[in-house]
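A short write-up of the structure that comes next.
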Amino acid sequence: MTQSTSQHTHQGLLIIRVALSILLLIHGITRAYLGTVGGFGEFLTSNGIPLGLAVAWFVTIFELTASLVMASGRFVAPIAFVFMSIYACGIWLVHWSQGWFVVGAGRGGMEYSVLIIACLAGLAWAHRSDFSK
C-alpha cells in the first residue's frame, strides 16, 4: 500500500468513526434530554431483560461517554463491540418484527441498525490492534 493510499484509508476510517460517534452520541443525548431512560428501562424489563432500568442507564451513559472516546480514536475496537451488542439487542427486541426497511416499504425495520453494526464491525476490524495494547 502506498503512502497516499494508506493516508486515504486512515482519513476514510476517521470520517466513518467520527460520523458514527456523533450519531451514537445523539442517541444518548436525546434519551437523556427527553427523560425517557425510565421508559426505556420499563420496556427492557417488560421484554425479560433483568434490571431493565440499570441496563437503560448503562446504555445511555455508554452512548454519552464511549462515543466521545471512540471519536477520539481510543479503544475503538472494544467500544465498537459493546455498541454492536447493544444494536443487535435492539434488532432482536424491536426491529426484527418490523421487517427490513426503516421507511418507505416498511416502518421501524432493521436496516439502519444493520448498517450501524456493519460500520462498527469495520472499525473494530481496522482497530483490532486495540486488543493487543
field: Length gained when the stretch ALA88-LEU23 is fully extended (0.36 nm per residue, less Cα-Cα span)
entry: 21.8 nm
statement: With Cα coordinates, the longest principal axis of the chain makes an angle with the long axis of helix 3-34, in degrees rounded to 10, of 20 degrees
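Which percent of the accessible heavy-atom area of the chain goes to carbon and sulfur, probe 1.4 angstrom?
71 percent
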- prompt: Tell me, what is the percent relative contact order of segment 5-133, built from C-alpha pairs under 8 Å that lie six or more residues apart?
  reply: 22 percent
query: Expressed in whole Å with the largest first, what are the equivalent ellipsoid semi-axes of the chain derived from the C-alpha gyration tensor as the square root of 5 times each eigenvalue?
result: 29, 18, 13
- line: Heavy-atom accessible area per residue of the chain, all protein chains kept, 1.4 Å probe, expressed in Å², is 61 Å²
Gained length - ILE15 relative to ARG128, 0.36 nm times residue gap less alpha-carbon distance: 38.9 nm
Mean-position separation - Cα centroids, segment 106-133 and segment 51-76, in angstrom: 15 Å
- prompt: What is the extension gain from PHE58 to VAL103, computed as 0.36 nm multiplied by their sequence separation minus the C-alpha to C-alpha distance, in nm to one decimal?
  reply: 13.3 nm
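The values are calculated or read from the model by the stated rules, or taken from the named source; none is laboratory data. In this text the structure is predicted, and so the values were computed from the model without any measurement. Note: areas computed on protein heavy atoms with side chains; ligands, DNA, RNA excluded. Shrake-Rupley method; radii C 1.70, N 1.55, O 1.52, S 1.80 Å.
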